[in-house]
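Chemist: One structure is given below, represented as structure tokens, and several questions about it will come after.
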Amino acid sequence: MSTPTRRRTSLLALVPLALFLALAGLFYAQLGAGDPSEVPSALIGKPVPDFHLDAIAGLTRNGEPVPGLSSADLEKGVSVVNVFASWCAPCRAEHPLLTELANDRRIRLYGLNYKDADDQALRFLNGLGNPYTAIGADRNGRVGIDWGVYGVPETFVVADGRITAKLVGPLTPTRIAAELMPAIDTALAAQAAP
């Protein structure tokens with residue numbers, strides 16, 4: 001075989017490799033496109049799903065049982081509903097930020113304890129503190145499914161019984177300032193408008 005023929009054969013052997021690399025690059029670019037925490041929710045602007053969740057057994061505040069959570073609790077005013085679990089490491093990381101958020105008297109902060117055992121949730125909240133006004137124990141995850149939850153943590157802003165914003169993933173100081181507080185301010189402004 002002559003040298004030009006060998007060179008041509010070698011180049012032809014590289015064509016499948018080049019095609020594979022081009023396709024792999026295209027798939028990688030598509031998978032990496034966008035922010036996975038920006039997941040649109042079909043529930044934005046819609047009423048919260050109808051639900052009633054029991055309280056976490058044994059959870060108290062100032063000697064009184066902390067109540068469970070239902071859709072009726074979210075009918076008036078602006079609320080933030082945080083979906084969390086004791087087994088969720090990012091939930092533990094965002095917890096101090098939720099404790100600070102609970103001091104904002106313009107809102108009520110509620111918890112939805114997702115697919116968790118009461119004793120584990122109790123240990124988590126007793127160890128880190130309980131920033132929530134009420135907490136619903138979604139032991140089997142059914143209510144979370146109705147809310148469109150596919151992982152924890154997730155945080156929702158609710159105004160007068162309607163979901164106005166959804167944040168997927170853990171809250172950070174930056175996300176609170178750039179996403180959560182503007183969503184709360186928008187919900188409060190909409191309430192104040194005639």
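The values are calculated or read from the model by the stated rules, or taken from the named source; none is laboratory data. Remember, predicted model here, so these are calculated numbers, not experimental data. No Cβ is skipped: glycine too gets one built from the backbone with ideal geometry, and neighbour counts run over all protein chains shown.
Chemist: Looking only at segment 81-95, filter to residues that are surrounded by fewer than 17 Cβ atoms within 10 Å (Cβ to Cβ) and part of a helix (DSSP H, G or I); which one of those is nearest to the chain's Cα centre (by Cα)?
Modeler: Looking at residues that are surrounded by fewer than 17 Cβ atoms within 10 Å (Cβ to Cβ) and part of a helix (DSSP H, G or I), I get 90.
Chemist: Given the structure, is residue 190 in a helix (DSSP H, G or I), of a type outside the set (S, T, N, Q), surrounded by fewer than 17 Cβ atoms within 10 Å (Cβ to Cβ) and modelled with pLDDT under 95?
Modeler: For residue 190, the condition - in a helix (DSSP H, G or I), of a type outside the set (S, T, N, Q), surrounded by fewer than 17 Cβ atoms within 10 Å (Cβ to Cβ) and modelled with pLDDT under 95 - is met.
Chemist: Let me ask something additional. Which of the residues belonging to segment 170-187 are assigned to a loop (DSSP other than H, G, I, E, B) and of a type outside the set (Ser, Thr, Tyr)?
Modeler: If the condition is that a residue be assigned to a loop (DSSP other than H, G, I, E, B) and of a type outside the set (Ser, Thr, Tyr), then 170, 171 are the ones that fit.
Chemist: While we're on this one: Considering each residue of segment 171-187, count those that are crowded, with 22+ Cβ neighbours inside 10 Å and under 15 Å from residue 78 (Cβ atoms), and give that number.
Modeler: So the answer is 2.
Chemist: Determine which member of the set 152, 168, 157 is surrounded by 17 or more Cβ atoms within 10 Å (Cβ to Cβ) and farther than 21 Å from residue 45 by Cβ.
Modeler: Every option except 152 fails the conditions.
Chemist: Follow-up question, since we're still on this one. Listed residues 150, 114; which is modelled with pLDDT under 95, within 25 Å of residue 87 (Cβ to Cβ) and hydroxyl-bearing (Ser, Thr, Tyr)?
Modeler: 150
Chemist: Right, another one. Kindly indicate which of 122, 98, 112 is part of a strand (DSSP E or B) and either surrounded by 18 or more Cβ atoms within 10 Å (Cβ to Cβ) or more than 16 Å from the chain's Cα centre (by Cα) (or both).
Modeler: Criteria check complete, one pass: 112.
Chemist: Separate question: Out of segment 62-80, which residues are more than 14 Å from residue 118 (Cα to Cα) and either surrounded by 13 or more Cβ atoms within 10 Å (Cβ to Cβ) or aromatic (Phe, Trp, Tyr) (or both)?
Modeler: Residues satisfying the conditions are 69, 70, 71, 73, 74, 75, 77, 78, 79, 80.
Chemist: Additional query: Could you tell me which of the residues 121, 93, 117 is small (Gly, Ala, Ser), without any contact (Cβ under 8 Å) to a residue 40 or more places away in the chain and farther than 24 Å from residue 47 by Cβ?
Modeler: Answer to the check: 117.
Chemist: Further, regarding this structure: Taking the condition of being assigned to a loop (DSSP other than H, G, I, E, B) and either in contact with a Pro (Cβ under 6 Å, 6 or more places away or on another chain) or not assigned by TED's automatic domain parsing to the domain that holds residue 187 (or both), how many residues in segment 150-169 meet it?
Modeler: 2
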